[in-house]
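The values are calculated or read from the model by the stated rules, or taken from the named source; none is laboratory data. Quick caveat: nothing in here was measured; it's all calculated off a predicted structure. Here the Cβ is made from the backbone with ideal geometry for all residues, glycine too, and neighbour counts use every protein chain on show. Heavy atoms of the whole protein, side chains included, go into the accessibility calculation; ligands, DNA and RNA do not. Shrake-Rupley method; radii C 1.70, N 1.55, O 1.52, S 1.80 Å.
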Amino acid sequence: MLDQQPGYRTPARMFHWGIAVAVLLMIPAGLVMTREGLDRGLQDALFVFHKNLGVLLIPVILARLAYRLRHRPPPLPETVPAWQRRIAGLSHAALYLLLIVMPLSGFVRVRAGGFPIELLDFLGVGPWLAKSEPLADSAKLLHATAAALLIALLALHVAAALHHALFLRDGVWSRMWPPRPSG
Ligand code: HEM
Ligand code: HEM
């Protein structure tokens, strides 16, 4: 039966939903904090939140990638056509790539711009990058471009997931939900 198909293992589900919640907080924080005319106190608080949660995510994302490279996902139900498997594979690879590009370009943008990252400064970690306006500008452009791609891809990703959950009901949704297998 479809609902007896094997799903993702517990660590894969916990990585997926933990990082999903964080990314769904990072995106609106990033979009709001860069708006002109925003209250200065709120803007500062959002910048601190965004930069520090962002650098905390880097080791978690690297751990997820390392886990993913050692654990292949379970096979999709046979009802999923070949072209959809290909698109799912490509879009998941693109999501992983963007999960790396986003925090790294953010880090370079901030450090090359000569700005603080409070958590790293508190821990006594050096800036690692010399101040450079051209590098900061390129990283800023990359960060904003990758953010737009990520938002578009996530819209497709969530639409596809909900389509499987609500209309196809083919077991794809329960491969990833709940965050832990119920047993
Ligand atoms: C917001 C950040 C999110 C990111 C970065 C993300 C990323 C990913 C990635 C990379 C995979 C592939 C896992 C693998 O094979 O290694 C995946 C699978 C999945 N995601 Fe997300 N996701 C996010 C949010 C969501 C949301 C909000 C939903 C549901 C509404 C969702 C539903 C699913 C489902 C059902 C799968 C399993 C697909 C399958 O069985 O092949 N994701 N996600
Ligand atoms: C998964 C991680 C991240 C996501 C999803 C993310 C997302 C975003 C988004 C959507 C924006 C608004 C883009 C725009 O409209 O210009 C933004 C801006 C920004 N982000 Fe991130 N970000 C992440 C990680 C980081 C990290 C780790 C840092 C720094 C340590 C950072 C620093 C910044 C800065 C400084 C801006 C404002 C850029 C500017 O206009 O100067 N981000 N981010």
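Mean-square fluctuation check for the chain, GNM, Cα pairs under 10 Å: which of V172, V101, V125 is largest?
In this elastic network of the chain, the residue with the biggest mean-square fluctuation among V172, V101, V125 is V125.
Which trypsin sites (Lys or Arg not before Pro) does region 76-183 hold that lie in a coil by DSSP with at most 15 other beta carbons within 10 Å? Walk me through the intermediate numbers first.
Values: sites: R85, R86, R109, R111, K131, K140, R169, R175; in loops: K131, R169.
When the trypsin sites (Lys or Arg not before Pro) of region 76-183 are filtered for loop state and at most 15 Cβ neighbours within 10 Å, K131, R169 remain.
Once phi is turned into θ = phi - 60°, what whole-Hz ³J(HN,Hα) does the Karplus curve with 6.51, -1.76 and 1.60 give for every residue of region 18-31, x standing for Gly and Pro?
Per-residue couplings from phi come out as x, 5, 4, 4, 4, 5, 6, 8, 5, 5, x, 4, x, 5 Hz.
Calculate what fraction, in whole %, of the accessible area of the chain sits on carbon and sulfur atoms when a 1.4 Å probe is rolled over the protein chains.
70
For region 71-86, in order, what is each residue's ³J(HN,Hα) by Karplus, 6.51 cos²θ - 1.76 cosθ + 1.60 with θ = phi - 60°, in whole Hz (x at glycine and Pro)?
Computed from phi, the couplings for region 71-86 are 10, 5, x, x, x, 6, x, 5, 6, 7, x, 4, 5, 6, 4, 5 Hz.
Length gain on complete extension for the stretch L119 to R70, per 0.36 nm per residue less the alpha carbon to alpha carbon distance? Intermediate results must be reported in sequence, preceding the final value.
Details: separation 49, 0.36 × 49 = 17.64 nm, distance 3.08 nm.
Once the chain is fully extended between L119 and R70, it gains 14.6 nm.
Quote the charge dipole size of the chain about the Cα centre in Debye, to the nearest 20; the model charges only the Cβ of Lys and Arg (+1) and of Asp and Glu (-1).
Values: 18 positive and 10 negative charges, 122 e Å.
In debye, rounded to 20, the chain gives about 580.
Under a plain spin-label model, where a point goes 7 Å from the Cα along Cα-to-Cβ, how far apart in nm are I100 and A63?
1.9
With every protein chain present, what is the per residue accessible area of the chain (1.4 Å probe, Å²)?
Numbers: 11810 Å² over 183 residues.
Result: 65 Å² per residue.
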